[in-house]
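The values are calculated or read from the model by the stated rules, or taken from the named source; none is laboratory data. Not measured: the values here are computed from a predicted model. Methodologically, a virtual Cβ is constructed for each residue, glycine included, from the backbone with ideal geometry; neighbour enumeration extends over all protein chains shown. For the accessible areas, the whole protein counts, side chains as well, though only heavy atoms, and no ligand, DNA or RNA atoms are used. Shrake-Rupley method; radii C 1.70, N 1.55, O 1.52, S 1.80 Å.
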Amino acid sequence: MPRSRLTVVLSQAPGKHPAKRSLEESIVAALIMELELEVSVVPNLYDLGPDHTGRLFLGSVKGDMVVLSWLYPRAAFWLLDRDGIKGHFGETQLKPPSDEDEDEG
């Protein structure tokens, strides 16, 4: 039985800030090269109305999905849950730099 691909969805930042768009493009470019990933880009989660194609896509994903968002992790989870996109909150291993890390540089 073929292994299913993991769906990775990048939810864009609100507005068109050039640095954020550049980071999003870099992330998508890196992820799209991974054969085991299905990569999609949707507008900011707050901007997805009930009939928006991005919202319909999120609701149609079968299997595991990872959502990358500019929102705080729990806010993104609760927003998706409120929209009927049920899942499990996964803890991230990415942590912001501590104040000590900034003092060392």
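For segment 50-71, which positions are within 16 Å of Leu6 (Cβ to Cβ) and acidic (Asp, Glu)? Can you show your working first?
Going through segment 50-71, the residues within 16 Å of Leu6 (Cβ to Cβ) turn out to be 57-58, 60-68.
Answer for segment 50-71, where residues must be within 16 Å of Leu6 (Cβ to Cβ) and acidic (Asp, Glu): just Asp64.
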Go through (1) over 14 Å from Ser69 (Cα atoms); (2) in contact with a strand residue (DSSP E or B) (Cβ under 7 Å, 6 or more places away or on another chain); (3) in contact (Cβ under 8 Å) with a residue 24 or more places away in the chain for Leu31 and report which single condition fails. (3)
Identity of the residue in segment 11-20, modelled with pLDDT of 95 or more and closer than 21 Å to Asp83 by Cβ, that ends up surrounded by the most Cβ atoms within 10 Å (Cβ to Cβ): Ser11
Checking the conditions here, which among Leu56, Leu23, Leu31 is open to solvent by 80 Å² or more (accessible area, probe 1.4 Å), modelled with pLDDT of 95 or more and at negative phi? Leu23
When (1) touching a residue at least 24 places away in the same chain (Cβ under 8 Å); (2) over 17 Å from Pro14 (Cβ atoms); (3) of a type in the set (Phe, Trp, Tyr) are applied to Trp70, the one that fails is (2)
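Here are Leu71, Leu94, Leu79: which of them is outside any helix (DSSP H, G or I) and closer than 23 Å to Lys16 by Cβ? Explain how you work it out, then say what you get.
Working: Leu94 fails: closer than 23 Å to Lys16 by Cβ; Leu79 fails: outside any helix (DSSP H, G or I).
Only one candidate passes the filter, namely Leu71.
State whether one or more residues within segment 9-26 are of a type in the set (Asp, Glu) and in contact (Cβ under 8 Å) with a residue 12 or more places away in the chain.
Step one: of segment 9-26, the residues of a type in the set (Asp, Glu) are 24-25.
Now drop any that are not in contact (Cβ under 8 Å) with a residue 12 or more places away in the chain, which leaves 24.
Yes, segment 9-26 has at least one match.
Filter segment 1-10 for residues that are in a loop (DSSP other than H, G, I, E, B) and of a type outside the set (Gly, Ala, Ser); which is most open to solvent (accessible area, probe 1.4 Å)? So that I can check it myself, show each step before the final result.
From segment 1-10, those in a loop (DSSP other than H, G, I, E, B) are 1-5; that's our starting set.
Restricting the remaining residues to those that are of a type outside the set (Gly, Ala, Ser) gives 1-3, 5.
On the way: Met1: 226, Pro2: 118, Arg3: 206, Arg5: 121 Å².
Step by step, filter segment 1-10, then rank; the result is Met1.
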Looking at segment 34-51 only, could you name the residues that are part of a loop (DSSP other than H, G, I, E, B) and either touching a Ser or Thr at 6+ places or on another chain (Cβ under 6 Å) or open to solvent by less than 60 Å² (accessible area, probe 1.4 Å) (or both)? Pro43, Asn44, Leu48, Gly49
